[in-house]
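The values are calculated or read from the model by the stated rules, or taken from the named source; none is laboratory data. Keep in mind that this is a model prediction, so the values were computed, not measured. Glycine gets a Cβ as well: all are built from the backbone with ideal geometry, and neighbour counts include every protein chain shown.
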2 protein chains.
Amino acid sequence: MPGKNNSNIPEVVVQRLPQYVRALTQLHNRNIEVVSSKELGDALGVTPVQIRKDLSYFGRFGKQGRGYNVVFLLQELRHVLGLDKQWTAAVIGIGRLGSAILSYPGFGQEGFNMVAAFDSAPLGIGSRIGELIVQNIDELERTVKSKAIDIVIIAVPAEQAQSVTDRVVKCRVKAILNYAPIKVQVPSDVRVREIDPVLALQSMTFHLKSLHD
Amino acid sequence: MPGKNNSNIPEVVVQRLPQYVRALTQLHNRNIEVVSSKELGDALGVTPVQIRKDLSYFGRFGKQGRGYNVVFLLQELRHVLGLDKQWTAAVIGIGRLGSAILSYPGFGQEGFNMVAAFDSAPLGIGSRIGELIVQNIDELERTVKSKAIDIVIIAVPAEQAQSVTDRVVKCRVKAILNYAPIKVQVPSDVRVREIDPVLALQSMTFHLKSLHD
DNA sequence: CTAACTTTGCGAAATTTTTAACAATCGACC
DNA sequence: GGTCGATTGTTAAAAATTTCGCAAAGTTAG
């Protein structure tokens, strides 16, 4: 059953794979050629079994008594995740947050290329951020098509997030990264990931509370 | 068993509570006084049973045939999560990201007060961001104590994240929000939440891939 | 070449999390 | 005050996820 074609892969597993890729990349940069599930697990704070089980959904990549060839496993996982392709992304909402996102080099380094920026405020439209000109949101539909945008990053205020999302969904975009502090509704074939530091903090205070006085 | 004192609450449940708080706050702002688990679930994209089950870990807050009083439930959940307290936070790493974090008004609005900022580069130290003066990282230990810092937000480059974390942990800080693209190791009594947009994107491309030719 | 040791991959067991089912209770209306 | 529809809270079942246990296979050392 190695190299299973597509789905009924648990979503939790898919969400752990990028971490494995990152850890393997670091090992590769340190010229480490072979790694065991034990070592990889230690680096990531997960159990070795977890890693072996996760990998087994996609194939057999290791050697008994030895471990995994770092370069090979990296290649395989990057392929599984589609990280061997280039992806196009657009940012909507070019305020402080949106500008920071556009300027962050980390996306491009990983193959996520920012190819368009949109805003609704006439003030910002036309201004340049890096190599992009901020476009009027009215041009969204046309540009998604012409630039074949795969992913949309939403950085508008909470009040506008749902309506912007609806427009994005209508353009047949299937992946949204949402920085707005609101849970947007989308059809089930559209993936959304939330970036929400306030929620993250709020789930920690539950534990801090009992600690504190 | 209503009003269970403390732990053996599943962590998944704790992480959903802040979302409920947010949705309830929105309902409150719209002057809605009562909400059913069905309605709340629809707003959040979770099932009504999920909500009722989650709430049942902490007490009995609803009325059969009617639903939940929004203000009351909000109050209770905010208390459960410790959101009725003020919390102090410090940011380490005042580059583009760190500055954006310090300037973001969303934290203060929710009771997370930024009370210190640290950097290691002599260039930035002493400069003012909002009402804070950027301090030398050497003053970390002293300041955590003197300002009773509850939460540390890490916004340094990946290479420095682990060593900064180690220092933070030594100061007995029990909650870390990590923006660095690396999984930091901490003792089990320290909570870490990762903010990692690249990982989020990378777990979506898995699904996009099979879609995309 | 053999023995001792290491580590994978996988089926099965254990645990955790979600979902279903339903009695109990509330509110409204007649 | 009795009936009807709505909705909670909880126990039980189902589903999902993690962990265990171990045979098979590779490595190292003598």
Failed condition for B:Arg60, given (1) out of contact with any helix residue (DSSP H, G or I) (no Cβ under 6 Å at 6 or more places or on another chain); (2) away from chain A (no Cβ under 14 Å); (3) surrounded by 13 or more Cβ atoms within 10 Å (Cβ to Cβ); (4) touching a residue at least 40 places away in the same chain (Cβ under 8 Å), with all others met?
(3)
Before we move on, is A:Gln160 modelled with pLDDT of 95 or more, under 22 Å from B:Ser103 (Cα atoms), more than 14 Å from chain B (Cβ to nearest Cβ) and surrounded by fewer than 22 Cβ atoms within 10 Å (Cβ to Cβ)?
yes
Consider B:Arg96 against the criteria (1) assigned by TED's automatic domain parsing to the domain that holds B:Ala23; (2) at pLDDT below 95: it satisfies all of them except one. Which criterion is unmet?
(1)
Could you say whether any residue in the stretch A:56-70 is outside any helix (DSSP H, G or I), in contact with a Lys or Arg (Cβ under 7 Å, 6 or more places away or on another chain) and more than 23 Å from A:Val152 (Cα to Cα)?
yes
Cross-chain or 6+ apart pairs with Cβ under 9 Å, the stretch B:101-128 first and within 11 Å of chain A (Cβ to nearest Cβ) and in a strand (DSSP E or B), then at pLDDT 95 or above and buried (at least 20 other Cβ atoms within 10 Å of the Cβ):
B:Phe112/A:Leu201; B:Phe112/A:Gln202; B:Phe112/A:Thr205; B:Phe112/B:Trp87; B:Phe112/B:Ala89; B:Phe112/B:Asp150; B:Phe112/B:Ile151
If you check every pair at least six apart or on different chains, which have Cβ atoms under 9 Å apart with a residue in the stretch B:20-40 that is over 19 Å from A:Ala180 (Cα atoms) and away from chain A (no Cβ under 14 Å) first and a residue that is hydroxyl-bearing (Ser, Thr, Tyr) and surrounded by 17 or more Cβ atoms within 10 Å (Cβ to Cβ) second?
B:Val34/B:Tyr68; B:Val35/B:Tyr68; B:Ser36/B:Tyr68; B:Ser37/B:Tyr68
Filter result for A:Leu17 (assigned to a helix (DSSP H, G or I) and touching a residue at least 60 places away in the same chain (Cβ under 8 Å))
yes
Kindly indicate which of B:Val186, B:Val198 is on the phi < 0 side of the Ramachandran plot and more than 8 Å from chain A (Cβ to nearest Cβ).
B:Val186
Any strands (runs of 3 or more DSSP E) falling wholly within the stretch A:147-213 and containing at least 3 residues that are without any contact (Cβ under 8 Å) to a residue 40 or more places away in the chain:
A:175-178, A:191-194
Being surrounded by 18 or more Cβ atoms within 10 Å (Cβ to Cβ) and more than 14 Å from every other protein chain (Cβ to nearest Cβ) narrows B:Leu73, B:Leu77 down to just B:Leu73
B:Val144: part of a helix (DSSP H, G or I) and surrounded by 12 or more Cβ atoms within 10 Å (Cβ to Cβ), yes or no?
yes
Count of the stretch A:43-91 residues which are near DNA strand C (Cβ under 10 Å from one of its atoms) and β-branched (Val, Ile, Thr)
2
For the stretch A:165-204, name all the residues that are farther than 15 Å from B:Asp196 by Cβ and of a type in the set (Lys, Arg).
A:Arg167, A:Lys170, A:Arg172, A:Lys174, A:Lys183, A:Arg191
Residues that are over 21 Å from the mean Cα position of the chain (by Cα) and within 8 Å of DNA strand D (Cβ to nearest atom), drawn from the stretch B:44-64
B:Pro48, B:Val49, B:Arg52, B:Lys53, B:Ser56, B:Gly59, B:Arg60, B:Phe61, B:Gly62, B:Lys63, B:Gln64
